Amino acid sequence: PFNSVVLGVAGHLPSKRVSNAELAERIDTSDEWIVQRTGITQRYIAGPDETTSTLATAAARKALLAADRAPRDIDLVIVATSTPDYTFPSVATQVQAGLGIVDGVAFDLQAVCSGFVFAVATADKFLRSGSHRCALVIGAETFSRLLNWEDRTTCVLFGDGAGAMVLEAREAAAETEMPRGVITSHLRSDGRHRDKLYVDGGPSTTQSTGHLRMEGRDVFRHAVGMVEDVVKAAFEATGTGPDDLDWFVPHQANRRIIDASATKLGIAPEKVVTTVQLHANTSAASIPLALAEACGDGRIKPGHLVMIEAMGGGFTWGSALIRW
Ligand code: ACO
């Protein structure tokens, strides 16, 4: 038996930063409205030379450095994204080529904002099985290219970016009650909620990319319950509770959803990692970007118990409990 141990995490943001005030020059909104409703103060937007695969590859290089691993060590690349450079090939194979990896397997996974949690859970199952040894798990998005920049109800909420994690299979030490690595993961989906959060285009329908559409209030109403569902499932599966967590690293969609979820679950505010104020909602990239911040500034340390969770379009939702 193997465990999937986290060796390193890193993020990469586009070079262009856009403040709320800058948005307010172009559309009918205000810094005050955006901050009060969402906590967001700024976001990063990909420039003409930046795409999901270039951001993903840059994050992957930094994560390999943090993990002290070389591209040749990687035999599994999973990229969670809803905004690939092209319909195909996958972003993952472009990352593979960009890093000079010629062995192993690379593929994309699409679960919108829950994508990174789904990708961690998927990589964990590959590594536990013994079929693969070392995985690059990436969340990378350029949601700016799906937004209708005339629609103030959605365009202020999102940003671009990428985050990557290196997971490696380790022999599970039989005597340890709670070993390092991914301890449990819980994934869910329910396709009945399609119309609450979707993109109105695609290759098989409009033959175009389309724009993001969201019933913000409806999404908000469902979000906290879904988060509660999967986080409680992780607690129950492991006999742990909110007080056992060192860090809670939620998907960064909205400050109010994060705060309401933590309160409902009894997780102390000082254990909650939030980056939504700086990055806005970067969909599948938000959790690895937040993990990278909290590892980079020394908050998350080896041995710490970290809960990640997300919900997104589909709906999809999921959690993973990780001993760092
Ligand atoms: N600037 C100024 N005013 C605005 C803006 C804006 N950018 N956007 C909307 N408004 C106005 C609306 O027109 C409305 O005006 P009205 O009352 O005159 O009709 C008013 O503000 C209130 O609009 P609501 O939509 O009711 O505002 P609400 O308090 O619900 O906040 C928000 C909107 C922030 C979108 C909230 O519903 C939310 O966060 N929902 C969850 C969305 C989310 O997190 N989605 C992502 C999760 S899944 C994923 O990550 C893909």
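Please treat every number below as a calculation from the coordinates, not as lab data. None of these values were measured; they are calculated from a predicted model. Every residue, glycine as well, gets a Cβ built from its backbone with ideal geometry; the counts of neighbours run over all protein chains shown.
Points worth noting:
- The order of the peptides 22-31, 57-66 by mean Cβ neighbours within 10 Å, most packed first, is 57-66, 22-31.
- Modelled label reach - SER204, point 7 Å along Cα→Cβ, the range 126-166 residues with backbone N closer than 18 Å: none
- Among 151-159, 201-209, the order from most to least packed when residues are scored by Cβ within 10 Å on average: 151-159, 201-209
- Pairs of lysines in the chain (C-alpha under 28 Å apart; 8 or more residues apart or interchain): 14
- Calculated over the range 181-323: convex hull of Cα atoms, volume per residue (Å³): 120 Å³
- Hydrodynamic radius by Kirkwood, which averages 1/r over all alpha carbon pairs of the chain, in angstrom: 19.4 Å
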